[in-house]
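Chemist: Take this structure, written in structure tokens, and hold onto it; I'll ask about it next.
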Amino acid sequence: MNCERIQDQLLELFGEKEQSEQIAEHLRGCPECRAFAEELEELSKAAGSNEDFFPDPEITEALIAGVEQKIDRIETTKAVPLHAAWRSYVPAVAALLVVIGFSATAYMLNVFSSQRSLTARGEGDTTVAVVAEGVQPDSLNAGDINYILNDYTAQRNGTSSDYLLEDVSQDELEYLENNLKAGDFL
Amino acid sequence: MTDTSDNLIDVLVEHAKAGDRTAFGKLVALMMNRTVALTYRMTGDMDAAEDLAQDTFVSAWQNLGGFKGAAKFESWIYRIASNKSLNYLKRAGRSTDIETVMEAQSDDNPERAFSQKELRRDMLEFMGSLPPQQRLVFELHFYQERTFEEIASMTDKAHGTVKTLYREAVKKLREAARVKGWRS
């Protein structure tokens, strides 16, 4: 194996404790590559470890407590007191009646066919309607919807497929709203 | 992570998915330091890093139902933290080129040993000089000890692309070290 390939492999092995016998054998007979390997080893030590960047223990404690509080707030928002819930239901019930009336008419006209529409919340309380043919709302939870959207946006962007919905930018939400069609997720 | 802590994490994840907040709290406690370290090296800003790390766990709680267990839980957390960090960088438009950093930070004592503080500062400067995707691959492989296969899966990149990004990052680290005269 030539020196260029060995040095490429050494770059890939940067930070690893072990190397193959093939590389070790080459290093024994090649001062140039041996110097290269030693330089990288020295550099690896100089770059430190994960622990060198950990916050102070009291900061860690505060951050953990902060996560608890943030989740508490989210859970509390979900659990609305009964009297407040009734008040908040008034517009919802009114809207529901309108939707039922519209849906019944649309059903009669066979407009919706087997499509299902799901609405997911995005960044800044924007919403995106996810329309997919044959999807049963009960069979999908928020996590599943996120994953579907993640994959969709990832394919478009060539980026990670674990793109959480709340990370989707306004532009992407608009794109989704404008471009999603029945069957996109099937 | 050891096998024992992997098993512990698996058990905690199962409980957390069933709605057990205490179990999720233990997961947060186990992984907070490493997550903050990741977001810190990715952003170079401790305030932002702390916010991003907290948001990572809040998102994880909200999306636990979507975690299918195909990847390790910690990889899933790093993936969320990575995406949040990349989005932060995109929004903040934070990217500097290595020459600018090296010129600005060049000092008069090239042959100097690293103190802990200097190490953190200089590595953060170096990380900040890398393009975001290269920075992420270096972060996940060197500091978080994820395999190239895992990183390829986490970032939806080809295995070879991940290796190339890592090699390029190490070359730049070598160049930076020569400019600044680092030694351990």
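Chemist: Run B:Lys26 past the list (1) open to solvent by 40 Å² or more (accessible area, probe 1.4 Å); (2) at pLDDT below 95; (3) touching a Leu at 6+ places or on another chain (Cβ under 7 Å); (4) of a type outside the set (Val, Ile, Thr) and report the number of the one that doesn't hold.
Modeler: Of the numbered conditions (1) open to solvent by 40 Å² or more (accessible area, probe 1.4 Å); (2) at pLDDT below 95; (3) touching a Leu at 6+ places or on another chain (Cβ under 7 Å); (4) of a type outside the set (Val, Ile, Thr), the odd one out for B:Lys26 is (2).
Chemist: If you don't mind, another one. For segment A:1-22, give me each residue that is farther than 27 Å from B:Met123 by Cβ, assigned to a helix (DSSP H, G or I) and not polar (S, T, N, Q). Show your work before the answer.
Modeler: Filtering segment A:1-22 for residues farther than 27 Å from B:Met123 by Cβ gives A:1-5, A:20-22.
Of the ones still in play, those that are also assigned to a helix (DSSP H, G or I) are A:3-5, A:21-22.
Within segment A:1-22, A:Cys3, A:Glu4, A:Arg5, A:Glu21 meet the criteria.
Chemist: Would you mention how many residues in segment B:25-50 are more than 9 Å from every other protein chain (Cβ to nearest Cβ) and over 16 Å from B:Arg79 (Cα atoms)?
Modeler: 6
Chemist: Name the residue that is farthest from A:Ile6 (Cα to Cα), counting only residues in segment A:40-49 that are open to solvent by 50 Å² or more (accessible area, probe 1.4 Å) and facing another protein chain (nearest Cβ under 7 Å). Give the derivation first.
Modeler: Step one: of segment A:40-49, the residues open to solvent by 50 Å² or more (accessible area, probe 1.4 Å) are A:41-42, A:45.
Keeping just the survivors that are facing another protein chain (nearest Cβ under 7 Å) gives A:42, A:45.
Details: A:Glu42: 18, A:Lys45: 21 Å.
Filtering segment A:40-49 for residues that are open to solvent by 50 Å² or more (accessible area, probe 1.4 Å) and facing another protein chain (nearest Cβ under 7 Å), the one farthest from A:Ile6 (Cα to Cα) comes out as A:Lys45.
Chemist: Answer with yes or no whether B:Leu64 is in contact (Cβ under 8 Å) with a residue 40 or more places away in the chain and crowded, with 20+ Cβ neighbours inside 10 Å.
Modeler: It is false that B:Leu64 is in contact (Cβ under 8 Å) with a residue 40 or more places away in the chain and crowded, with 20+ Cβ neighbours inside 10 Å.
Chemist: Considering A:Asp52, A:Asp138, which residue is modelled with pLDDT under 50 and either away from chain B (no Cβ under 12 Å) or open to solvent by less than 80 Å² (accessible area, probe 1.4 Å) (or both)?
Modeler: Details: A:Asp52 fails: modelled with pLDDT under 50.
Selected residue: A:Asp138, the only one of A:Asp52, A:Asp138 that is modelled with pLDDT under 50 and either away from chain B (no Cβ under 12 Å) or open to solvent by less than 80 Å² (accessible area, probe 1.4 Å) (or both).
Chemist: Looking only at segment B:133-171, which residues are surrounded by fewer than 18 Cβ atoms within 10 Å (Cβ to Cβ) and touching a residue at least 24 places away in the same chain (Cβ under 8 Å)?
Modeler: Scanning segment B:133-171 gives B:Gln133, B:Glu168.
Chemist: Quick check on segment A:10-31. Is at least one of its residues under 33 Å from the mean Cα position of the chain (by Cα) and modelled with pLDDT under 85?
Modeler: Yes - at least one qualifying residue is present in segment A:10-31.
Chemist: Shifting gears a bit: Is at least one residue of segment B:60-73 within 21 Å of B:Met127 (Cα to Cα) and touching a helix residue (DSSP H, G or I) at 6+ places or on another chain (Cβ under 9 Å)? Break it down stepwise before answering.
Modeler: Looking only at segment B:60-73, we keep the residues that are within 21 Å of B:Met127 (Cα to Cα), and these are none.
No, segment B:60-73 contains no residue that is within 21 Å of B:Met127 (Cα to Cα) and touching a helix residue (DSSP H, G or I) at 6+ places or on another chain (Cβ under 9 Å).
Chemist: What pairs can you find where one residue is in segment A:23-49 and more than 24 Å from B:Glu125 (Cα to Cα), the other is among the basic types (Lys, Arg) and open to solvent by 20 Å² or more (accessible area, probe 1.4 Å), and their Cβ atoms are less than 6 Å apart, with a gap of 6+ or different chains?
Modeler: Correct list of pairs: A:Leu27/A:Arg34.
Chemist: Do the conditions hold for A:Glu42, that is, is it in a helix (DSSP H, G or I) and in contact with a strand residue (DSSP E or B) (Cβ under 9 Å, 6 or more places away or on another chain)? Full working, then the answer.
Modeler: Numbers: in a helix (DSSP H, G or I): yes; in contact with a strand residue (DSSP E or B) (Cβ under 9 Å, 6 or more places away or on another chain): yes.
Yes, satisfied.
The values are calculated or read from the model by the stated rules, or taken from the named source; none is laboratory data. Because the structure is predicted, anything quoted here is derived from the model rather than measured. For neighbour counting, all protein chains shown are included, and Cβ atoms are generated from backbone atoms with ideal geometry for every residue, glycine included. Side chains included, ligands, DNA and RNA excluded: accessible areas come from the protein's heavy atoms. Shrake-Rupley method; radii C 1.70, N 1.55, O 1.52, S 1.80 Å.
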